[in-house]
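Engineer: Dropping a structure here in structure tokens format, bear with me for questions.
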Amino acid sequence: MAQVKEYQGLVKPDWCPGCGDFGVLNALQRALADLDIAPHNVLVVSGIGCSSNLPGFIRAYGFHGLHGRSLPVAAGAKLANHELTVIAAGGDGDGYGIGAGHFIHTCRRNFNMTYIVMDNQIYGLTTGQASPTTEKDIRTKSTPEGTIEIPLNPVALALTCGATYVARGFSGENLQLANLMKGAIEHKGFALVDVFSPCVTYNKHNTYPWFKERIYKLEDEKHDPANFQAAMERAFEWGNRIPIGLFFKVERPTYEDEEPALRSGPLVRQPLRRTNLAAVMEEFL
Amino acid sequence: MADCVFRVGGEGGEGVISTGELLTLTLARAGYEIYTFRTYPAEIKGGHANYQVRASDKLLLSQGAQVDVLVAFNEEAYQKHIKDLRSGGVLLYDADSFTPPPADSAIFYGIPLTSLATEKVGVKLTKNIVSLGVMSSLFDIPIETFEELLKERFGRKGETVVQKNLQALRVGYDYIKTQQKKDAIRLGPGPRQAKELVMSGNESLALGAIASGLKFYFGYPITPATDIMEFLAKELPKIGGFVVQTEDEISALGAVLGASFSGAKAMTATSGPGFSLMIEMLGLAEMSETPAVVVDVQRVGPSTGMPTKTEQGDLYLAVYGGHGSCPRVVLALSSVEDCFYGIMQAFNIAERFQMPVIVLSDQYLGHRKATVPKPDPSRVQIINRLAPTAEELKAGYKRYRFTDSGVSPMAVPGTEGGHYVAEGLEHDEIGYPAASNHENHLRMTEKRYKKFQAVEAIANELVNLYGVEHPEIGIIGWGSSEGVIREAVQMAVDQGYSVGALHPKILYPQPLAKLRPFIEGAKAVIIPELNYTGQFATLLRKRFALDFIQLNKVIGLPFTPREIFDKIVEVAEHVRAGRRNLAARV
């Protein structure tokens, strides 16, 4: 088994002390080490935001691209070389706000990759505006009188859009989080790991103590991840009791499985069948 | 010399396009050079559609000025196009549909197309095939070639459908034999023996992309670029690749960058509205130094504009679209044949210099078909990106290492020791974010622009020159206007004018070593463009003191050779009169 330090990048994370994203980074490095995936076969793609700085802190290939656009880049990279372990990562604003369109379609395409959303229910890098998962009536810099709209439900959304592995973790529960990530990486299909990753600087509402009072583990209540209806019901639990753990898991052929061109290995390594070009030209005679 | 322009017009859904296509292929197989022009309504059913086919025994450069044979399936087609019929030209019309007023200037054949199709064939929809039978007999176009094509085209639909169409062809063929031939148009077999391909600009481009080593196409449907995606969806799997239809154009270019990062050649094609959405991804390609090819088949803008009509209005967006200092390359395709080789150049530049290359085509070029000699991919040597050496991978690999050329070796994921983060933030040589290092930003910007300057050097090879080499009156055009300009220049040279045309196939950076002597040696330079403000003229004004004479057309249609020729004559008069103020806009 590989050691966690093999996955540590040379750059020190620039997150605020106490940021939930430290726990996410540790859990991801732990998961990769446990699964013994060589760093050069791992690609971490992110968008923009505090959490999207993650690729720089991990020893692997990375693509730190545009705000909200991690999933299209990750999909393209995965299709070109589907032997790579591809992980997309970012925040709630990145994935559920500006990138929501990509999120729902990536779910239904079922690429074999993992999407980790560090959900702090706030825009942190821009210093504290409401995000798509900010709860109703919360005062932020962009909603001084409190938010009017209700928050988006990432777990329910992923379930309805066809994601085949849907989990939620908490960065204060590192062991469970690492296991959820391991399960996500091992799962054949599109896996969402939504993580409560508290912003200690700009979200004074959804804090560590706030979560600790409310969270419970799905595995402790004998939730059956094969049961879609049960997963949906759990997804809407919020308030005094908030579930974390694996909501749903199902096997469905991945996009890569269904694409005939990928059956004989990664396309990036397949030679071009140039001779067939002449045959294509014949069609125009 | 045979040179005949056919135009077929009617209601969308009446078989106008398939009549045009069958005529095109038959004439091409019969040994003629072909140049088609299509305009069609934005609606799927209904609305006026027409298809123009020009056939000649010599190389064709434009769609032609006047129509020799007009086929009108309904009165609207007659009314729209009769003004373009040349004196002594032929009108074939459906006599069941309308009766045109008699005219001395043209030869009319009223054919009861609808009743022949209904009564003699039993299928009303075959009236367009009846019209092809008429043309075959009247103008001596080999009927065997039509028959061969109908069998190929309808073979999949079953023997009954094939027989009905063959019957319709014969019905038209025999009917016109009973009439007096009043015109003098006779084509017979064409001069060319060697088979040529009949392709549209979009098909030629897609074929060239395959020849370049394309493995992935990511795209979103948009007129007039969609057929590139459809063609590749069918053909790319045969070579070893595939197409993914994404949720929008942002995602399409994002996936191109991802696939390219992984080491595969990938592209996307779109039109103006989609290209507008791709701008932020272009910036990412520039900053992260990821090779990418983006095709923009331009249509009339702004906004949704006129989706099925042609314009050259996206040049500013291609050159300047984006925030920050953006090193990118903009190529413009000039002919159906050039689409094949031009896209190969685009891939080579993208790979060699690790930057995005934007390729401008337009509806006029993308959708017109032409006979072209079988493309030879070996004419363009394929260039792949620079990879790090084993030593570089062992000793602290730096993805964005400063080099003399500005090009740094690019590792492919899966390579041991090559791991790096492709960065959209300003970064150092390793790829670490360096968003507060001011001096580094300058050095990195210079590094990226070194690559751009290197493209300038090869830009001078991507230029065509026609007519007089050091002319009194110069024309600088771009993109799909090449053939039209070339034909106009030939007309003017034949009449003794000192005219030459320079046609750069790269617009950014510009081939200055070719442009400078051409511009400085001419007394007047005309820049014809299918846009309102003169976008290329504006770019050139930044480089040259001369005030160019713009010729702008914005009605959603291409130039005709006559329009360019008239401008040449007008400018020549000014030059002869020694008038200095030539820049008055016309």
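The values are calculated or read from the model by the stated rules, or taken from the named source; none is laboratory data. The shown structure was predicted, so the numbers you read here are calculated from the model rather than taken from an experiment. Note that each Cβ is placed from the backbone with ideal geometry, even for glycine, and that neighbours are counted across all protein chains shown.
Engineer: Looking at B:Ala524, B:Ala572, B:Ala492, B:Ala488, which one is surrounded by fewer than 21 Cβ atoms within 10 Å (Cβ to Cβ), aliphatic (A, V, I, L, M) and not assigned by TED's automatic domain parsing to the domain that holds B:Ser361?
Structural biologist: On the way: B:Ala524 fails: surrounded by fewer than 21 Cβ atoms within 10 Å (Cβ to Cβ); B:Ala492 fails: surrounded by fewer than 21 Cβ atoms within 10 Å (Cβ to Cβ); B:Ala488 fails: surrounded by fewer than 21 Cβ atoms within 10 Å (Cβ to Cβ).
On inspection, the qualifying residue turns out to be B:Ala572.
Listed here are the residues, each with its yes/no results for (1) surrounded by fewer than 21 Cβ atoms within 10 Å (Cβ to Cβ); (2) free of Cβ contacts under 8 Å to residues at least 40 places away in the same chain; (3) hydrophobic (A, V, I, L, M, F, W, C); (4) within 14 Å of chain B (Cβ to nearest Cβ).
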residue	(1), (2), (3), (4)
A:Ser197	no, no, no, no
A:Thr201	yes, no, no, no
A:Glu251	yes, no, no, no
A:Asn276	yes, yes, no, yes
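Engineer: In the list B:Leu257, B:Leu207, B:Leu187, which residue meets the criterion of being surrounded by fewer than 24 Cβ atoms within 10 Å (Cβ to Cβ) and aliphatic (A, V, I, L, M)?
Structural biologist: Working: B:Leu257 fails: surrounded by fewer than 24 Cβ atoms within 10 Å (Cβ to Cβ); B:Leu207 fails: surrounded by fewer than 24 Cβ atoms within 10 Å (Cβ to Cβ).
Exactly one residue qualifies, and that residue is B:Leu187.
Okay, residues lined up against (1) within 25 Å of A:Gly18 (Cβ to Cβ); (2) surrounded by fewer than 24 Cβ atoms within 10 Å (Cβ to Cβ); (3) over 21 Å from the mean Cα position of the chain (by Cα):
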| position | (1), (2), (3) |
| --- | --- |
| A:Ala167 | yes, no, no |
| A:Leu177 | yes, no, no |
| A:Leu218 | no, yes, no |
| A:Pro225 | no, yes, no |
| A:Phe228 | no, yes, no |
| A:Met232 | no, yes, no |
| A:Ile244 | yes, no, no |
| A:Tyr255 | no, yes, no |
| A:Glu259 | no, yes, yes |
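Engineer: If only one of A:Leu125, A:Leu28 is more than 10 Å from chain B (Cβ to nearest Cβ), within 12 Å of the chain's Cα centre (by Cα) and either more than 30 Å from B:Glu249 (Cβ to Cβ) or hydrophobic (A, V, I, L, M, F, W, C) (or both), which one is it?
Structural biologist: Details: A:Leu125 fails: within 12 Å of the chain's Cα centre (by Cα).
So the residue among A:Leu125, A:Leu28 that is more than 10 Å from chain B (Cβ to nearest Cβ), within 12 Å of the chain's Cα centre (by Cα) and either more than 30 Å from B:Glu249 (Cβ to Cβ) or hydrophobic (A, V, I, L, M, F, W, C) (or both) is A:Leu28.
Engineer: Does the range A:111-121 contain at least one residue that is within 22 Å of B:Ala411 (Cβ to Cβ) and within 14 Å of chain B (Cβ to nearest Cβ)? Walk me through how you get there before you give the answer.
Structural biologist: Of the residues in the range A:111-121, the ones within 22 Å of B:Ala411 (Cβ to Cβ) are A:113.
Now drop any that are not within 14 Å of chain B (Cβ to nearest Cβ), which leaves A:113.
Checking the range A:111-121: at least one residue is within 22 Å of B:Ala411 (Cβ to Cβ) and within 14 Å of chain B (Cβ to nearest Cβ).
Engineer: Taking only the range A:55-71 into account, find how many residues are at the interface with chain B (Cβ under 7 Å from one of its Cβ atoms) and either part of a loop (DSSP other than H, G, I, E, B) or over 14 Å from the mean Cα position of the chain (by Cα) (or both).
Structural biologist: Filtering the range A:55-71 for residues at the interface with chain B (Cβ under 7 Å from one of its Cβ atoms) gives A:55-56, A:59-66, A:69.
Keeping just the survivors that are either part of a loop (DSSP other than H, G, I, E, B) or over 14 Å from the mean Cα position of the chain (by Cα) (or both) gives A:56, A:59-66, A:69.
Matching residues across the range A:55-71 total 10.
Engineer: In addition: Would a scan of the range B:384-405 turn up a residue that is crowded, with 16+ Cβ neighbours inside 10 Å, assigned to a loop (DSSP other than H, G, I, E, B) and among the hydrophobic types (A, V, I, L, M, F, W, C)?
Structural biologist: Taking every residue of the range B:384-405 in turn, at least one turns out to be crowded, with 16+ Cβ neighbours inside 10 Å, assigned to a loop (DSSP other than H, G, I, E, B) and among the hydrophobic types (A, V, I, L, M, F, W, C).
Engineer: Based on what the data block shows, is A:Gly76 buried (at least 24 other Cβ atoms within 10 Å of the Cβ), free of Cβ contacts under 8 Å to residues at least 12 places away in the same chain and assigned to a helix (DSSP H, G or I)?
Structural biologist: yes
Engineer: Name the residues in the range B:527-545 that are aliphatic (A, V, I, L, M), buried (at least 17 other Cβ atoms within 10 Å of the Cβ) and not in a strand (DSSP E or B), would you? Give the steps one after another, and end with the answer.
Structural biologist: The first filter runs over the range B:527-545 and keeps only residues aliphatic (A, V, I, L, M), leaving B:527, B:530, B:537, B:539-540, B:545.
Subset that is buried (at least 17 other Cβ atoms within 10 Å of the Cβ): B:527, B:530, B:537, B:539-540.
If the condition is that a residue be aliphatic (A, V, I, L, M), buried (at least 17 other Cβ atoms within 10 Å of the Cβ) and not in a strand (DSSP E or B), then B:Leu530, B:Ala537, B:Leu539, B:Leu540 are the ones that fit.
Engineer: Yes or no: the range B:219-229 includes at least one residue that is of a type in the set (Phe, Trp, Tyr) and either more than 20 Å from the chain's Cα centre (by Cα) or more than 10 Å from chain A (Cβ to nearest Cβ) (or both). Working first, answer last.
Structural biologist: From the range B:219-229, those of a type in the set (Phe, Trp, Tyr) are B:220; that's our starting set.
Applying the additional criterion that residues be either more than 20 Å from the chain's Cα centre (by Cα) or more than 10 Å from chain A (Cβ to nearest Cβ) (or both) yields B:220.
The answer is yes, given that some residue of the range B:219-229 is of a type in the set (Phe, Trp, Tyr) and either more than 20 Å from the chain's Cα centre (by Cα) or more than 10 Å from chain A (Cβ to nearest Cβ) (or both).
Engineer: Next up: I need every pair where a residue in the range A:36-49 that is more than 9 Å from chain B (Cβ to nearest Cβ) and of a type in the set (D, E, K, R) has its Cβ under 8 Å from the Cβ of a residue that is surrounded by fewer than 24 Cβ atoms within 10 Å (Cβ to Cβ) and assigned to a loop (DSSP other than H, G, I, E, B), sequence separation at least 6 or different chains.
Structural biologist: The qualifying pairs are A:Asp36/A:Met1; A:Asp36/A:Ala2.
Engineer: Report whether or not B:Glu456 is acidic (Asp, Glu), under 19 Å from B:Leu539 (Cα atoms) and in a helix (DSSP H, G or I). Break it down into steps so the answer makes sense when it comes.
Structural biologist: Details: acidic (Asp, Glu): yes; under 19 Å from B:Leu539 (Cα atoms): yes; in a helix (DSSP H, G or I): yes.
For B:Glu456, the condition - acidic (Asp, Glu), under 19 Å from B:Leu539 (Cα atoms) and in a helix (DSSP H, G or I) - is met.
Engineer: Taking the options B:Pro511, B:Pro561, name whichever one is touching a residue at least 40 places away in the same chain (Cβ under 8 Å) and under 26 Å from B:Pro327 (Cα atoms). Give the derivation first.
Structural biologist: Details: B:Pro561 fails: under 26 Å from B:Pro327 (Cα atoms).
After ruling out the rest, the residue left standing is B:Pro511.
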